[in-house]
Each structure stands twice: as C-alpha cells, then as structure tokens.
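The block underneath contains the structure these notes are about, expressed in structure tokens.
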Amino acid sequence: MTAVAETPIAAPAPAAPPLPAVVGAGLRVPLVTGGGAEYADFDHAASAPCLAAVRDTLDAALPYYASVHRGAGFTSQVSTAAYERARRTVARFVGARDNDAVVFVRGTTDAFNLLARSVPDGCTVVVFAAEHHAALLPWQHRGSRAGRVVRLPLPDSPADAVAAARAALRAAPEGPRLLCVTAASNVTGEVWPVAELAAAAHDAGARIAVDAAQLVPHRAFSLAATGADYVAFSGHKVYAPFGSGALAGRTDWLRAAAPYLAGGGATGNVTDDDVRWNDLPARHEAGSPNVLGAVALAAACAELTRAGWDRLHTREQALLDRLRAGLAAVPGVHELRLWDARHPRVGIVSFVVDGVPAGLLAAALSAEYGIGVRDGLFCAHPFTRRLLPAGHDQAVRASLGLGTTTEHVDRLVGAVAELAARGPQWRYAEDDGRTVPVPDPRAFPVVGAE
C-alpha cells in the first residue's frame, strides 16, 4: 500500500483580544423633543469615560486599600506593592529609560507646574502659541523658576516648527533651556514632530518636555524612542478618571529642586531645626498619595497596550476619515487646522458652522440628538482664536474614543447638516454663560450624595 502523506492542519490564528470596553456604553439619554437616544460621546478630549477593565481593577483593589509606605499592616503592604507596580507600568507605557523617574501627579497641568518649579533658576523656556494652557501658563506662574519665556508664533509646517524651535533655543542666553511642546493638539488633533523637535533641542544644548495628554489615548509614545527628556499626561484622558497623572523623565532637575509640596511622605527626617527631604519620586509626592488613582492609571495603560496600538489606530482612523469627510460635505462647515489637511492627526475635529453659534450648536446637538461635544476655546485660547474664521468667536470640538461607533459619527454628521440647513427645532436661551434649552423637559438623574 502506498503511504499517503498527511497534510498538517494549520492551527487557527489566535483571535484578536476584544476591544477595551467603556463604562456607560449604550447609555440612553432623554431628548427635549421626546423619547431618547443612545448617547454619542464626542467629548473624549476633555475627559474619556472609564474603561471597564479599570473599574474591575479598582473593584479588586478596594478591599485592600490603605495608606502606602511605612505601614506594617497587611493591607498597607498590598497597597504599597500595587502603587509601586503602577509606577513601573506607567514607566513602560511611556517608554521610560532605566534611569528616568515617574512621579505621580494630579494630571498634566500639575505635572508642568511641578516641572516649572524644578527647572534651574533662570531657565529659558520656549513654547509655541499652539500649546494647551497646561503647558503654556505654568512657566510664568507664581513659584516658577523659569527666568524667560519665549512664545513662538504658529509654524506654517512641521518642518518650520523644528527650524523655529532650533533657532529660538540657539538664540537664548547661555544657561539651561527647555522646549515645551504638545505631541498632539487638543484643538486640531494634529500630531507634532516630537522626535525631530527633540533632536533640534538637543542640538541646541536644550531639553524638551512633551505634553502627551492628547496623544497617549490614541497612539504609543516612548521617551527612549523620541529622545524626549520629559513627558506628562493625565489619567482622565486615558480612560482612568480618578484624579491621577504622571510626569516622567530625567531625574537631575527634579532631584535638585525643593519638594513640590512640603509635608509627610516627602520627608526623610524632621527635627526641631532641620528637614531632610526624600529622594525621588517621594520627594515630590507629599501627603497620602492617590493610590487608587495610580492603580487606575496603570490599569488603563496596560489595557490600551494589550488591545494593540495598530488595531486601535486603524479603527479610529476609519471613524475619523468618515467624520471629516461627512463634515466637509456640509455647506457652511469649516474645519480648524494648522497644517495640511492630510497631516496625521488623532481623533479630534474642531469646526464652526456659518450662521450657527458654537454654543447653540453644541446645546442643540445634546438636547435634540443625544450627542455630546465641546464648545468654546478648549483651554487653548490663543491658538483657537488664531484658527477661527472671520465671524466666529468659538468653535465646536468632536473627539473620538473607544466608545465611538459608526452610527455615532453618522448621527453627528446628519445632525450638523440639519442644524446648518434649518437651525434648531427647540428654543434656547443664555443662562450663566451657557446656551440651554427653554424649557428643558428632560429628567436629569441625581448622582452623588448631598
């Protein structure tokens, strides 16, 4: 008998892990016109919803919650281990180098205020007019050690940004110099050339701090790969809305600076006459740390990494392309952008509609369609004002996230088209600076204790 060669059966390809689920997905909200709709959350750039994995991690951690460090009790030891494990997870998430520090803070604003108090006295800080207030204002605020702040005009292209930063840093007086720049704009979503800017800063003998608050919910970031010296981001942007964030980067300036806050935890020893401060990271984490916030932040970092950045990017890009194309087809809609329309960006689109004020548009989208957007100047007032077309003083921002669906995008585009063509169907009035429906028959749930 002739032997028959057996063809091996290929093992099935492993299934891709499910996309991270968000708490509140499928939530239905009431409409002023009657009935309700599934809530379409296009305000992720302000605060993203909580990941289900983050909630589950906190549920598991809560029974063991205790104050960290120096506690002999069992739960204190468990919480201390969780807190320091979170620090290591965040370090991996931002591609920290072996000798980089990770300091837990309240968010990006807190991180840059800490860094502003840690730069050497007289440091020259260079920023662009495109920065979020979190990275724009701390250098001139009370307590900052920066001696001179150079605000560069909006660059015409990414290459112009690199050239302008290099020239400004080289022209600065001798001494420490720092470039502070966004990784992705919270107004336009445009991604900035961080690696090239880092190289330009280093060529000029300067350092670079990166505001990655709007980048890291959408794409991977690495201190080591970009060459950046510092990076800051917020938990509430990465689906961990529990009051935590991180500043990661080089240790020498942070170690030499006085503690950000004076108090327990930052102290090694206190006598009647003297205080010996701790080394990093405890030096800048005075008080009882936000243990659960750090655990939540790390859980979000781990879950986004597990999901796979390429897959998340591909999904978001398809939704973003659909949204931008849909809005571009609506007469009277103008998208805000700094650079070429094809420049890479994260899932953020800011726009205006001729004849419909931004506040009215946002109120009508919410009340009549169940769509949440942001209106205003987005805590980047100088930048947004420079991008606004004539006749507009504010814009609307739609920002995508893990909970965004194709139906949400199509509903937003359709709603904008209807409002641009015929205006709202309900009556609206100003109330304490906000546009609100009058009357508002919706029943709002009471959340939280009073």
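Every read-out reported here was derived from the displayed coordinates using simple, explicitly stated rules and does not represent laboratory data. All of these numbers come straight from a predicted model, not from anything done at the bench. Counting neighbours? That spans all protein chains shown, and the Cβs are built from the backbone with ideal geometry, glycine included.
How much FRET efficiency would the formula 1/(1 + (r/R0)^6) give for VAL275 and ALA328, where r is the Cβ-Cβ distance and R0 is 45 Å, rounded to 0.05?
Step by step, r from the Cβ atoms, then E = 0.15.
Can you give me the distance in nm between label points at ARG255 and THR33, each placed 7 Å from the Cα along the Cα-to-Cβ direction?
6.3
Please get the size of the charge dipole for the chain, origin at its Cα centre, with Cβ charges of +1 on Lys and Arg and -1 on Asp and Glu, quoted in debye to the nearest 20.
Dipole size: approximately 500 debye.
What number results when the radius of gyration of the range 53-306, computed over Cα atoms, is divided by 2.2 N^0.38 Å?
1.01
Once Lys and Arg get +1 and Asp and Glu get -1 on their Cβ, which of PRO445, GLY71, LEU223 lies farthest toward the positive end of the dipole of the chain?
Of the options given, the answer is LEU223.
With the Cα gyration tensor of the chain in hand, convert its eigenvalues to equivalent ellipsoid semi-axes via √(5λ) and list them largest first in whole Å.
Listed largest to smallest, the semi-axes of the chain are 37, 30, 26 Å.
Residue by residue, what Karplus-based ³J(HN,Hα) values in Hz, rounded to whole numbers, does the range 232-247 have, using 6.51, -1.76 and 1.60 with θ = phi - 60° and x for Gly and Pro?
Couplings: 10, 7, 10, x, 6, 8, 10, 6, 9, x, 10, x, 10, x, 8, 10 Hz.
Where Rh is the Kirkwood radius over the Cα pairs of the range 16-94, the temperature 10 °C and the viscosity 1.306 mPa s, what D in µm²/s does Stokes-Einstein return?
Details: Rh = 15.9 Å.
Answer from the Stokes-Einstein relation: 100 µm²/s.
Could you derive backbone 3J(HN,Hα) for the range 260-265 from the dihedral phi with the Karplus parameters 6.51, -1.76 and 1.60 (θ = phi - 60°), listing whole Hz in sequence and x where the residue is Gly or Pro?
Whole-Hz 3J(HN,Hα) from phi for the range 260-265: 4, 10, 8, x, x, x.
Tally the DSSP beta bridges in the range 198-297 and give the antiparallel ones as a percent, rounded to 5. Don't jump to the answer; show the numbers that get you there.
Numbers: 8 of 11 bridges.
Antiparallel bridges make up about 75 percent of those DSSP assigns within the range 198-297.
If each residue of separation counts as 0.36 nm, what is the full-extension length gain between ARG315 and HIS381 once their alpha-carbon separation is subtracted?
Working: separation 66, 0.36 × 66 = 23.76 nm, distance 3.05 nm.
Fully extending the segment from ARG315 to HIS381 adds 20.7 nm.
Give me the number: length gained by fully extending ALA449 to ASP393, i.e. 0.36 nm times residue separation minus the C-alpha to C-alpha distance, one decimal in nm.
Result for the pair: 16.4 nm of gain on full extension.
Can you compute the modelled spin-label distance between ASP340 and ALA195, with each label point 7 Å from Cα toward Cβ, in nm?
Simple spin-label model gives 1.9 nm for this pair.
Using a Förster distance of 35 angstrom, determine the FRET efficiency expected from the C-beta separation of ARG170 and ASP410, and round it to 0.05. Numbers along the way, then the final one.
Values: r = 50 Å, r/R0 = 1.42.
It comes out at approximately 0.10.
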